[in-house]
1. Can you give me the number of residues within segment A:38-53 that are touching a strand residue (DSSP E or B) at 6+ places or on another chain (Cβ under 6 Å) and within 8 Å of chain B (Cβ to nearest Cβ)?
2. Given (1) assigned to a helix (DSSP H, G or I); (2) modelled with pLDDT under 90; (3) away from chain B (no Cβ under 14 Å), identify the lone condition not met by residue A:115.
3. Please name all residue pairs, on different chains or six or more residues apart, with Cβ atoms under 6 Å, provided the first residue is in segment A:1-12 and is at the interface with another protein chain (Cβ under 7 Å from one of its Cβ atoms) and the second residue is modelled with pLDDT of 75 or more and surrounded by fewer than 20 Cβ atoms within 10 Å (Cβ to Cβ).
4. Enumerate the pairs (first residue in segment B:154-172 and under 18 Å from residue B:117 (Cβ atoms); second residue anywhere and part of a loop (DSSP other than H, G, I, E, B) and modelled with pLDDT under 95) with beta-carbon separation below 8 Å, excluding pairs fewer than 6 apart on the same chain, so at least 6 apart or on different chains.
5. Looking at A:62, A:29, which is the one that is under 30 Å from residue B:129 (Cβ atoms) and surrounded by fewer than 23 Cβ atoms within 10 Å (Cβ to Cβ)?
6. Tell me which residues, restricted to segment B:64-110, are assigned to a strand (DSSP E or B), at pLDDT below 95 and away from chain A (no Cβ under 11 Å).
7. Among the residues of segment A:93-112, count how many are within 18 Å of residue A:15 (Cα to Cα) and part of a strand (DSSP E or B).
8. Every residue in segment A:54-65 that is facing chain B (nearest Cβ under 8 Å) and either farther than 14 Å from residue B:76 by Cβ or free of Cβ contacts under 8 Å to residues at least 40 places away in the same chain (or both), please.
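The values are calculated or read from the model by the stated rules, or taken from the named source; none is laboratory data. It should be emphasised that the depicted structure is a prediction, and the values quoted were computed from it without experimental measurement. Counting neighbours? That spans all protein chains shown, and the Cβs are built from the backbone with ideal geometry, glycine included.
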């Protein structure tokens with residue numbers, strides 16, 4: 001994971017399919033799949049612009065802290081899950097093999113048991129898919145690294161205001 | 001680094017690391033303030049009641065599409081206090097570039113040295129080769145009296161070959177220069193990685 005990750009479209013389609021099924025069966029509001037460092041991989045449902053990135057970053061922090069807490073009491077399950085129950089919306093987090101995080105946001109009237117059941121099934125399906133991630137790499141044919149580097153320099157100047 | 005071919009995005013993670021009260025959060029606040037509103041996300045701070053960073057500060061900004069990919073930068077700070085070392089290591093997961101924010105005051109030298117040692121140990125424990133991770137040194141608080149000369153600070157930290165920037169984070173001087181340099185290093189490295197990947 002430290003060496004970077006390139007996600008081909010075909011894998012993302014399979015992930016989207018699994019997440020869409022989970023969303024339908026568990027009546028979720030939105031779902032984010034992130035990597036353990038807090039980068040967004042896939043989103044299901046509607047979220048405001050920028051929200052998935054923040055959700056993923058905070059969830060990664062949460063999962064990391066919970067993993068450390070678990071270690072302190074002698075638990076080292078890389079598939080741990082936990083959830084926060086809110087008044088109107090709740091959040092369910094599932095650590096997938098210590099590499100990915102499934103974040104499910106659902107209305108609080110939805111039974112947590114339902115979410116947990118279908119989330120666990122989704123995780124079982126996601127596991128082999130996520131394992132393929134680091135084996136399949138490669139840039140798209142029209143990717144131009146030199147142009148990219150030059151473009152970044154120009155964009156940096158445009159990104160910051162005086 | 002994260003390239004999402006479907007969304008045509010390249011995600012990069014930069015971490016501001018350093019001892020407590022060296023100016024990491026101030027740097028991020030300045031970057032957020034100076035980033036075009038249509039290109040930046042919210043600035044998220046997980047703070048203690050005393051307004052100190054508890055877990056991390058975080059912001060994301062993006063750029064226009066370049067060569068078919070939209071770059072997104074995820075910028076984090078870590079809490080500087082000694083007892084939050086575990087947290088600092090967690091935030092370093094998946095890092096692409098590091099800005100080490102040193103406190104230039106002579107009396108803070110030992111804290112700076114302890115923090116740089118922690119950084120290299122954390123990187124090793126996370127499976128990185130520390131000397132291969134893009135790094136810059138941001139010598140902060142250059143406006144204060146009784147500060148170390150930049151060269152002496154660099155040498156004391158063992159960062160002789162590392163690009164170095166003087167800054168006053170509270171008013172932003174030097175902060176963006178450092179950020180631009182680390183982004184340039186990260187992108188250059190990403191280019192090498194992409195070329196070296198099997199097709």
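1. Count: 4.
2. With respect to (1) assigned to a helix (DSSP H, G or I); (2) modelled with pLDDT under 90; (3) away from chain B (no Cβ under 14 Å), residue A:115 is out only on (2).
3. A:2/B:127; A:2/B:128
4. Once the first residue is under 18 Å from residue B:117 (Cβ atoms) and sits in segment B:154-172, its partners that are part of a loop (DSSP other than H, G, I, E, B) and modelled with pLDDT under 95 give B:154/B:160.
5. A:62
6. B:77
7. Matching residues across segment A:93-112 total 10.
8. Within segment A:54-65, the first condition is being facing chain B (nearest Cβ under 8 Å), and the residues that meet it are A:54, A:57-58, A:60-61, A:64-65.
Scanning segment A:54-65 gives A:54, A:57, A:58, A:61, A:64, A:65.
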